[in-house]
1. Of the numbered conditions (1) in contact with a Phe, Trp or Tyr (Cβ under 6 Å, 6 or more places away or on another chain); (2) modelled with pLDDT under 90, GLN102 satisfies every one except a single condition; which is it?
2. Tell me which residues, restricted to region 49-95, are in contact with a Leu (Cβ under 6 Å, 6 or more places away or on another chain) and under 15 Å from CYS112 (Cβ atoms).
3. Assess whether ASN96 counts as being surrounded by 11 or more Cβ atoms within 10 Å (Cβ to Cβ) and out of contact with any helix residue (DSSP H, G or I) (no Cβ under 6 Å at 6 or more places or on another chain).
4. Looking at PRO54, is it modelled with pLDDT under 90 and either within 30 Å of VAL13 (Cβ to Cβ) or not hydroxyl-bearing (Ser, Thr, Tyr) (or both)?
5. Can you find, within region 77-87, the residue that is farthest from CYS106 (Cα to Cα) among those that are surrounded by fewer than 16 Cβ atoms within 10 Å (Cβ to Cβ) and not β-branched (Val, Ile, Thr)?
Amino acid sequence: MAAIASSLVILKVFYWLRLFEFTSFYILLLKKTLWDIRIFMILLIVALATFGIPMVILNFNRDIDKPVVEGIFDFWVLNMLINQYLLALGEFRIDNFADEPQEALCYFFFMCATFIT
């Protein structure tokens, strides 16, 4: 609760910074930027799902010790999105691809995902 409360207080500081002449333009710019990227965010989520869903399906035929998509949450959609988002940021978790029946397919989806995202 303290982490959430402190984040909300800092967000309120952004709201208060609109009152000052020197910072009001930048807060307006931030607000417009966040509003304008909403379409890009839809495209990004679709791109992440494009390569994340096949990776989750390939994960069904794996041992628990060598998952393609590591389970952070209890919900597979969140695991898929986090896995592909980290891949887009450069966090390559390809150690578990090797020595499994779908190794070539995993590397294929990995290469496609790195170029698209």
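1. Among (1) in contact with a Phe, Trp or Tyr (Cβ under 6 Å, 6 or more places away or on another chain); (2) modelled with pLDDT under 90, GLN102 violates only (1).
2. Result: VAL68, GLN84.
3. Values: surrounded by 11 or more Cβ atoms within 10 Å (Cβ to Cβ): yes; out of contact with any helix residue (DSSP H, G or I) (no Cβ under 6 Å at 6 or more places or on another chain): yes.
Yes: the conditions hold for ASN96.
4. Working: modelled with pLDDT under 90: no; either within 30 Å of VAL13 (Cβ to Cβ) or not hydroxyl-bearing (Ser, Thr, Tyr) (or both): yes.
Judged against the criteria, PRO54 is not a match.
5. First pass over region 77-87, keeping only residues surrounded by fewer than 16 Cβ atoms within 10 Å (Cβ to Cβ): 77-78, 85-86.
Going one step further and asking which of them are not β-branched (Val, Ile, Thr), we end up with 78, 85-86.
Details: LEU78: 19, TYR85: 16, LEU86: 16 Å.
Once the filter is applied, the top-ranked residue is LEU78.
The values are calculated or read from the model by the stated rules, or taken from the named source; none is laboratory data. Keep in mind it's a predicted model, so treat the numbers as computed, not measured. Ideal geometry is used to build each Cβ from the backbone, glycine not excepted, and the neighbour counts take in all protein chains shown.
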